[in-house]
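The values are calculated or read from the model by the stated rules, or taken from the named source; none is laboratory data. The structure displayed is predicted, hence computed values, not measured ones. Cβ sites come from the backbone with ideal geometry, for glycine too, and all protein chains shown count toward neighbours. Heavy atoms of the whole protein, side chains included, go into the accessibility calculation; ligands, DNA and RNA do not. Shrake-Rupley method; radii C 1.70, N 1.55, O 1.52, S 1.80 Å.
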Amino acid sequence: MCSVSRGQIRKALSGFYYVDTGGETLTCRARGKFRQSGMSPLVGDWVEVRETEPGRGMVWEIEPRRSVFDRPAVANVDQLVVVASLATPVTDPYLIDRVAAIAALKGCDVVVCVNKVDLADGGPLADIYRRAGLPTVCTSAETGEGISELISLIADKLSAFTGNSGVGKSSILNAIEPGFSLRVNAVSEKLGRGKHTTRHVELFQLSCGAEVIDTPGFSSFEAEELGLELKEHLPECFVEFRPYLDKCRFVGCSHTREKGCAVLQAVRAGEIPASRHQSYLRLCQELKDLKAWNANPGQNPAHKNR
């Protein structure tokens with residue numbers, strides 16, 4: 001009779017799931033029922049596993065999740081640490097704001113980490129997110145500046161690190177935990193961006209008590225995350241908008257151009273960073289044509305006679 005145990009998926013690679021049961025790591029396949037139901041085990045999942053032979057087993061059940069992201073494919077994340085830079089490559093604030101809005105929708109906190117401050121002053125970018133009310137830290141993986149502050153922000157939590165390629169996610173993790181020795185690639189001077197060094201999603205336990213997931217870059221946050229639910233709840237996904245949302249003159253205000261909009265008044269008064277509102281407008285534009293059948297192709301009238 002196979003033994004049954006509870007564990008957490010620490011790595012997913014090529015159809016195999018590496019499950020830490022506390023005493024050992026089992027290399028597992030998933031039950032066929034998950035594929036049939038369209039649900040896949042994810043890194044961060046707490047699961048029931050059944051050992052089929054020494055060191056190997058099957059993922060049998062998945063426990064209810066606190067949060068889930070499609071891309072990167074992770075579950076039960078407490079917060080996203082969005083790594084950015086004003087040195088090469090320069091991060092477009094819109095990329096940060098897009099990820100932060102998706103995280104807010106999913107009930108996941110966000111920490112903004114402006115890296116490479118030894119090469120470029122990260123203050124102006126960091127100030128945007130401090131004013132927005134998001135925990136923000138300036139770091140240098142090279143000099144160690146801000147690393148202890150970042151450690152305090154991730155202690156006792158499960159954090160997923162993301163950011164555009166080349167900003168130094170793996171370098172920061174190496175600075176936090178020198179034993180990592182994660183592979184780091186140089187940034188291309190011609191292209192102004194780095195090569196992806198993270199090829200899969202993996203969860204690491206740090207000596208400071210934190211757990212972190214190193215993920216591929218912003219390109220992973222693709223259209224799958226931009227759904228109808230985000231469209232319907234976009235204003236409250238910008239956390240600094242929330243105090244103003246019930247103060248607009250008109251019910252159903254879109255906070256884009258209406259007279260008497262409290263959000264626009266707050267932007268003009270400098271209470272909401274202008275770049276954050278610009279990102280909101282870009283997201284509104286990106287989501288505006290999304291219809292119910294985009295989320296469920298079976299509801300698309302174009303498919304009725306197929």
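When region 8-32 is examined, which residues are found to be polar (S, T, N, Q) and either in contact (Cβ under 8 Å) with a residue 60 or more places away in the chain or open to solvent by 60 Å² or more (accessible area, probe 1.4 Å) (or both)? Even if it seems obvious, please write down each step before you answer.
Initially, region 8-32 is screened for residues polar (S, T, N, Q), giving 8, 14, 21, 25, 27.
Across region 8-32, the qualifying residues are Gln8, Ser14, Thr25.
Any idea which residue in region 43-61 is surrounded by the most Cβ atoms within 10 Å (Cβ to Cβ), counting only those that are free of Cβ contacts under 8 Å to residues at least 24 places away in the same chain and charged (D, E, K, R)? Reasoning before the result, please.
Of region 43-61, the ones free of Cβ contacts under 8 Å to residues at least 24 places away in the same chain are 53-54, 61.
From what's left, charged (D, E, K, R): 53, 61.
Values: Glu53: 8, Glu61: 15.
Looking at residues that are free of Cβ contacts under 8 Å to residues at least 24 places away in the same chain and charged (D, E, K, R), I get Glu61.
Please indicate, with yes or no, whether at least one residue in region 56-75 is in contact with a Phe, Trp or Tyr (Cβ under 7 Å, 6 or more places away or on another chain), over 16 Å from Arg10 (Cα atoms) and part of a strand (DSSP E or B).
Scanning region 56-75 turns up no residue that is in contact with a Phe, Trp or Tyr (Cβ under 7 Å, 6 or more places away or on another chain), over 16 Å from Arg10 (Cα atoms) and part of a strand (DSSP E or B).
Of the residues Ser67, Ser5, Ser40, Ser85, which single one is under 30 Å from Val117 (Cα atoms), small (Gly, Ala, Ser) and open to solvent by less than 70 Å² (accessible area, probe 1.4 Å)? Walk me through how you get there before you give the answer.
On the way: Ser67 fails: under 30 Å from Val117 (Cα atoms); Ser5 fails: under 30 Å from Val117 (Cα atoms); Ser40 fails: under 30 Å from Val117 (Cα atoms).
That would be Ser85, the only listed residue that is under 30 Å from Val117 (Cα atoms), small (Gly, Ala, Ser) and open to solvent by less than 70 Å² (accessible area, probe 1.4 Å).
Considering only residues that are hydrophobic (A, V, I, L, M, F, W, C) and in contact with a Gly (Cβ under 9 Å, 6 or more places away or on another chain), which ones fall in region 106-117? Step through it out loud before you land on a result.
Of region 106-117, the ones hydrophobic (A, V, I, L, M, F, W, C) are 108, 110-114, 117.
If the condition is that a residue be hydrophobic (A, V, I, L, M, F, W, C) and in contact with a Gly (Cβ under 9 Å, 6 or more places away or on another chain), then Cys113, Val114, Val117 are the ones that fit.
Counting just the residues of region 143-168 that are at pLDDT 90 or above and among the hydroxyl-bearing types (Ser, Thr, Tyr), which one comes out nearest to Gly15 (Cα to Cα)?
That would be Ser159.
If a residue has to be polar (S, T, N, Q) and surrounded by fewer than 21 Cβ atoms within 10 Å (Cβ to Cβ) to count, how many in region 104-128 make the cut? Let's see the steps before the verdict.
So the first thing to find is which residues in region 104-128 are polar (S, T, N, Q), and the list is 115.
If we keep only those that are surrounded by fewer than 21 Cβ atoms within 10 Å (Cβ to Cβ) too, we end up with none.
Here the count works out to 0.
When only residues in region 169-208 that are assigned to a strand (DSSP E or B) and modelled with pLDDT under 70 count, which is least open to solvent (accessible area, probe 1.4 Å)?
It comes out as Gly194.
Suppose we filter Cys284, Cys237, Cys253 for residues that are more than 21 Å from the chain's Cα centre (by Cα) and at pLDDT 90 or above; which single one remains?
Working: Cys284 fails: more than 21 Å from the chain's Cα centre (by Cα); Cys237 fails: more than 21 Å from the chain's Cα centre (by Cα).
That would be Cys253, the only listed residue that is more than 21 Å from the chain's Cα centre (by Cα) and at pLDDT 90 or above.
From the list Ala75, Ala84, Ala12, Ala103, which one is within 26 Å of Lys157 (Cα to Cα), small (Gly, Ala, Ser) and in contact with a Lys or Arg (Cβ under 7 Å, 6 or more places away or on another chain)? Break it down stepwise before answering.
Working: Ala84 fails: in contact with a Lys or Arg (Cβ under 7 Å, 6 or more places away or on another chain); Ala12 fails: in contact with a Lys or Arg (Cβ under 7 Å, 6 or more places away or on another chain); Ala103 fails: in contact with a Lys or Arg (Cβ under 7 Å, 6 or more places away or on another chain).
None of the other options fit; the residue is Ala75.
Please go through region 129-168 and pick out each residue that is in a helix (DSSP H, G or I) and open to solvent by less than 30 Å² (accessible area, probe 1.4 Å).
Of region 129-168, the ones in a helix (DSSP H, G or I) are 129-131, 147-154.
Residues satisfying the conditions are Tyr129, Ile147, Leu150, Ile154.
Take the conditions assigned to a helix (DSSP H, G or I), modelled with pLDDT under 95 and either open to solvent by 10 Å² or more (accessible area, probe 1.4 Å) or in contact with a His (Cβ under 6 Å, 6 or more places away or on another chain) (or both) and apply them to Arg98. Does it pass? Outline the logic, then answer.
On the way: assigned to a helix (DSSP H, G or I): yes; modelled with pLDDT under 95: yes; either open to solvent by 10 Å² or more (accessible area, probe 1.4 Å) or in contact with a His (Cβ under 6 Å, 6 or more places away or on another chain) (or both): yes.
So Arg98 fits the description; yes.
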